[in-house]
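The numbers here are math on the coordinates, done by the rules we state, and not lab data. Because the structure is predicted, anything quoted here is derived from the model rather than measured. Cβ sites come from the backbone with ideal geometry, for glycine too, and all protein chains shown count toward neighbours.
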Amino acid sequence: MLRHYRIVEKIGEGGMGTVYKAVDTHLDRPVAVKVLPPDKVADAERKSRFVQEAKAASALRHPNIIVIHDIAADGGRDFIVMELVEGLPLDQLIGRRGIKLNEALGYAVQIADGLAKAHAAGIVHRDLKPTNVMVTADGLVKILDFGLAKLTEDIPAYAAGPTMTLGAEGKPRTEEGIIVGTAAYMSPEQAEGKKVDARSDIFSFGSVLYEMLTGRRAFGRDSQIKTLAAVLNEEPKPASSVSELVPAELERILARCLRKDPQRRWQTISDLKVALQDLKEDSESGRLQAAVPTRREKKRTALFAAAAAVLLLATAAVVVKFVVLRPAGPVEYEIIPLTFDSGMTGFPALSPDGNLMAYASDREGGSFDIWVQQVSGGKPLRLTDHPASDWFPSFSPDGTQIAFRSERGGGGIYLVDALGGESRRIVDKGHTPRFSPDGRFISFIAVPPSLDARLNRMYLVSPKGGEPQPCHHELYPVSVGQGGSLIWSPDGKRIIFRGRRVDDPKSEDWWITPIEGGEAVRTRAIENLALTTMVHYPVGWSGRHVYYVSGTTIEGLNLFRARIDPKDWTIRGPVETITTGPGMKTYPVIERDGRILFTNMTAKINAWGAAARADQGAVGPEFKKLTADLMQNFNPSISLDGSKLAYTAFGGAQAAKIEIRIRDLRTGRETTLPVRGLSIGQTPRLSPDGTHLAYRDVIDGTSKSFVLSPGASAVREICQSCLVLGFFPGNGSVLVRSNPTEIGKLDLRTGDLKAVLNSQPDAIADACVSPDGEWLAWLAALPDGRAAIRISRLGGSQGGPQAAFTVEEAEYFLGPPAWAPNGRYLYYLSERYDQTSLCVREFSPGTKNPVGEDREVFHSPSGRLMLNFPMGNATTAVAADRIVFTVTDATGNICLARPKKR
């Protein structure tokens, strides 16, 4: 027995441990238990890293990836519990002549599908080989041993198959400079001990596919050293020369998998999977032809050789001319890190001569400042040092000035000399400034405090200041920050952006508008480039190419480019991939020489708590993370006594995983409530005493709200197309928003809904009930784009609310309000104080007359820990001893993507 797992029999053994068939006595189900050799996990650091990797793999849910049930230890023996797969490893199915074509393609598509799932979650297998692939009797493929290659320590004297890990000092490691993998299947970058990404798995996949098709290893040699040398320096024999049944198209696909240079391989396993699926369909339909003619065909072909030679000579000049004039293939890039900070450094700009870069960094602690330095290296120069954050720089065409966004004084666009000096404000409220190529204008986007995207507006302003000129009245940019920059055409006559018409949501696309007047043109990019991800937007325009970012902030953003037709401004494929892999490659700047500066960043969202005496209006200074795992965790809600925390955990659309979690902050125990819809707007709300939970889910396209009560066997649906904002005292009723301007009180026992607030013409962004149930505080979005926090007394002589009192009305950002447990203090986020800060307003207990002015009581101690990023992601939940926020912890550095020389 290992804990509650009863060992039945030994079913396998390898370098990574012994595998047993076992029975989970708690759940009465068969499982596989892999017991790891003690020497593999003896080092505490390595064991901790192994557990982290195994947990990451266990989060993957995919039919082609083996499920990890448990990671545990018993009596000093560490073991992993997995699903039991009845079948054979792939190496036992590969005969001397390989596997039949259709079967090989079927297995290959499944392996690629499983790897695509892992890569989307940021996991690289690094030890893909036939022995790590199981095939059931029904033909279902299961990929095994994610991340285990990192544990192996010794190298046998000779074996072409076992996994190997070796560092220059003779110790096993996983960092750069270390060889990790199985020699016959590892990529060249693995063999050299370099850092690897998902494209390394694509090379290994190609080696496995080669073996399935031919029955031979692509790089198999009679020693480990010779095998590594072959991986690094030799090309495998064409698969069609080993097996005449390999189609020409499959030969090309396979060759692209096995290219030595990662930039020349398939850039994503998903694209490779699609190509194999198409090929499999052609194979099943009989449309495929072999790459090499049969012997009979060879004889017949020889009869025409002499005549063909004459024709060849006659057309040689034409052929040579064609080859010379043929368009060049896709540009290949090398990625070079330029900064190496532990915090957040990004948002780059490049001077016109390409020698100087400007960027924002929090390397000095606190907020972001603008820095400049030579691209080739050297000491950076700090240009700004204001307590408020300065970011999003843009060089003037002559390289003498830098425009940037600053949060000081409510936010605006500033200018500073490129080599230092005083900053000067040229316009209020602007975001993401960009100099025009001729230097006449700076483009920017104005964002309303209410964050209503329909009120986003595009402007041009002279670098000398003055009144901004509206850029286009009928269109608005749909987002700001990551997707809201206005991108200039090379001649400075047009701007491209992602936007839509004010009165037509279906018109969303990438639009091009002339700055001197005239009709905007729809590029059809969303349709032609099949842009289905949440985030996609143009980031650069150079010659006949538009560069863009696509992906999701959770699963990864990458850089691409596509062609633009100057005749009608339509953007079409083929799409060229510039970067790949997890993480966010974003905020790029594209230069005319083809170089690209971009931010390679990671943004992790979690619930953080600041120590507080909330009933006294005192907060901080302690500030710590309350959630921490591979998910993005946000929308926190906390009980008034601070013992229970509810929040949304999102694994990304590709991971298809979203949960609501309830954590006991005193014991650490956590309850998970799966939800069906993949919308991130579940907004869980705990009752004041922490015993009830309300949340929203999207089921079959319909938004529904539910309540989970103590002792209930299931959640209960309480309304459709409504959002629960909070509980009334006693938990018998909830506050719901049924439309943008109306809030009601819903009786959970009777289902009766009573209106308590109609805010017309203002919209209600959020609201909360005071602990005594007598007062309502809400965040209002005004028609002109301003924001306001207001309170009113519930009840009144007519049964409705009394007149509202405005706590704050602003042309800057305000976050949702939250009451202190005693109802005397109201907390909310505000950008009034040069950054997103927590403010508090005191009121007299009975009348709620304000006592004094609002005051700032807390702000993030670091620019990288952002309380309102992405914009509109702000939440505040108040308990007696702490105040909880949604915090984005952003880390990153600047990289250079440079075209390789041909």
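At residue 374 and residue 881, where each label point lies 7 Å from the Cα along Cα→Cβ, what is the point-to-point distance in nanometres? According to this spin-label approximation, the distance is 5.5 nm.
Between amide H atoms placed 1.01 Å from N, distances below 5 Å from residue 815 occur with 829, 830, all of them 5 or more places distant or on a separate chain.
Remark: the residue 618-residue 738 segment gains 39.7 nm on full extension, using 0.36 nm per residue and subtracting the alpha carbon distance. A simple spin-label model places the labels of residue 11 and residue 552 3.3 nm from each other, with each point 7 Å out along Cα-to-Cβ.
Per-residue packing, averaged as other Cβ atoms within 10 Å, sorts the ranges 763-770, 514-521, 187-194 into the order 763-770, 187-194, 514-521, beginning with the highest.
The largest-to-smallest principal axis extents of the Cα set in region 398-484 are 38, 28, 24 Å. A protection proxy built from the mean count of other Cβ atoms within 10 Å ranks the segments 91-103, 569-581, most packed first, as 569-581, 91-103. Kirkwood-type hydrodynamic radius, region 458-538: 13.3 Å, calculated from all non-identical alpha-carbon pairs. Model label points for residue 822 and residue 700, set 7 angstrom from Cα along the Cα-to-Cβ axis, are 5.1 nm apart.
Shape index of region 573-705: Rg/Rh, with Rg the Cα radius of gyration and Rh the Kirkwood radius from the inverse mean 1/r over Cα pairs, equals 1.11.
Annotation: amide H of residue 642 within the under-5 Å range of 880, sequence separation 5 or more or interchain, hydrogens built in the peptide plane.
When you count the other C-beta atoms within 10 angstrom of each residue and take the mean per peptide, 69-80, 627-638 line up highest first as 627-638, 69-80. So if R0 is 35 Å, what FRET efficiency would residue 667 and residue 716 give, r being the distance between their Cβ atoms, rounded to the nearest 0.05? About 0.85, to the nearest 0.05.
Two numbers describe the Cα atoms of region 603-891: Rg and Dmax, which are 17.8, 54 Å.
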